[in-house]
1. How many residues, within the stretch 459-480, are assigned to a loop (DSSP other than H, G, I, E, B) and closer than 26 Å to residue 350 by Cβ?
2. Would you tally the residues in the stretch 223-239 being assigned to a strand (DSSP E or B) and in contact (Cβ under 8 Å) with a residue 24 or more places away in the chain?
3. If a residue counts only when it is without any contact (Cβ under 8 Å) to a residue 40 or more places away in the chain and either touching a strand residue (DSSP E or B) at 6+ places or on another chain (Cβ under 6 Å) or closer than 21 Å to residue 214 by Cβ (or both), which strands (runs of 3 or more DSSP E) contained entirely in the stretch 67-133 have at least 3 such residues?
4. Tell me yes or no: at least one residue of the stretch 268-286 is modelled with pLDDT under 90 and at positive phi.
5. Looking at residue 472 and the list (1) surrounded by 14 or more Cβ atoms within 10 Å (Cβ to Cβ); (2) modelled with pLDDT of 85 or more, which single condition is not satisfied?
6. Could you figure out which of (1) surrounded by fewer than 15 Cβ atoms within 10 Å (Cβ to Cβ); (2) closer than 19 Å to residue 52 by Cα; (3) out of contact with any helix residue (DSSP H, G or I) (no Cβ under 9 Å at 6 or more places or on another chain) isn't true of residue 88?
7. Could you pull out the residue among 305, 340, 360 that is touching a strand residue (DSSP E or B) at 6+ places or on another chain (Cβ under 9 Å) and loosely packed, with under 14 Cβ neighbours inside 10 Å?
8. Limited to the stretch 402-452, what total is found for residues that are assigned to a strand (DSSP E or B) and crowded, with 16+ Cβ neighbours inside 10 Å?
């Protein structure tokens, strides 16, 4: 009989090399041939899990590796399910395997083979998964047929047709994929309606909300229509798409569940009675929350305790022994307390300086500053100009000290939550800028006055003017040069210098000014003569 099989297979070169007898080839060679068959069917696929032969439904395009061992020899060949849902085994016949499970298909093939070869041992496995088309319909950009396989889910189809938008509009490209519902997808299978909710699937990983596709499926998509808002004591508050029949408890779970500070016994729902009127519903028992049905446009507020285990923290950094975030008691903890708890200053700290910042305070809107910025500069009063100058020199929410006395005073101040305490590094220097021979940075020496520093910088240059100032690092004030002003660490000594002018430009300016003056004199004389 196997000789007959060989003659049949020889009609098709694809199979002729797969048929052996004990006289023509050794068993080892036959096994190698079987391995080659399996290798020829290798295709890269991505599976969620091992395919369950009791659940996998066979269809046209699926490929099996078939091996039959009997006393007459070994037969190894590929079996591919035909478009009519059948496999053909020469000398055995056509076997229908469409729309049955993989295990049932294998059993049916074994039974038919054993009718011919009662003592044969038959092995089979699935080596290639078929591709087929399912239909995607509805308000999507790319409705039509989508190529999938039995291991794909509805979410895979959704990803291929995402982009959203009404397929009947001219502006289809302008519609965002966010407009396509991912919670109210309908899967039609043999006239049976299956609800698909990809949001629940992504949140909980429940496969029933995202089933695998089957040949003949129709997947119907819609645009998002009704929504529900949930805020307060839930982890993922915001707007959710409405799903008919969903309960409040299910939505809360979808929103990540309650926060630790939520008051789960006090939930308020605002619901429309008609187009304009609303009513408030207060739920205070777990049983009510568990079964309470939702309606479109419900606004849900889960109350939460704002002061629940709330820490008030400050951040201390810079030249401090143990920088970091420290908890404080509002209205009690001072800056000095935190410096002490942080281990005090390092050896490189500038203990005369301290900077306090608070980003939340700095973010508070400065109404006066914004009002003045809307006024043209030439129309601003002196007070308004002074306010602008003061605001630019002093940042909102910030306090800075550069003197020993003021720094000690600041340490007694009570802290606010989110304050940032900075202890700067100590540097000894004085800057000398402008019309001096050697401008730059010089060491700070307590015994020296301003003129000593100017002399240290090589004295005044030829371009120096009489305008000389000291800019105080502690306040930013500009003071006239004087022996009475005590130079402090970080101060700036500035000597103004003469500006260089183009002589021809200066001559033109003078001539223009003289001409204007002459014209004014003539106007006055004419007025007097008349």
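1. Filtering the stretch 459-480 down to residues assigned to a loop (DSSP other than H, G, I, E, B) leaves 459, 461-463, 472-477.
Of the ones still in play, those that are also closer than 26 Å to residue 350 by Cβ are 472-477.
Final tally of qualifying residues: 6.
2. The number of residues fulfilling the criteria is 8.
3. On the way: elements: 73-80, 86-89, 93-96, 121-128.
Ranges flagged: 86-89, 93-96.
4. No, the stretch 268-286 contains no residue that is modelled with pLDDT under 90 and at positive phi.
5. Every listed condition holds for residue 472 apart from (2).
6. Evaluating residue 88 over (1) surrounded by fewer than 15 Cβ atoms within 10 Å (Cβ to Cβ); (2) closer than 19 Å to residue 52 by Cα; (3) out of contact with any helix residue (DSSP H, G or I) (no Cβ under 9 Å at 6 or more places or on another chain) leaves (2) as the failure.
7. Unique residue meeting the criteria: 305.
8. 11
The values are calculated or read from the model by the stated rules, or taken from the named source; none is laboratory data. Because the structure is a prediction, the values reported are computed rather than measured. Neighbour counts run over all protein chains shown; Cβ positions are idealised from the backbone, glycine included.
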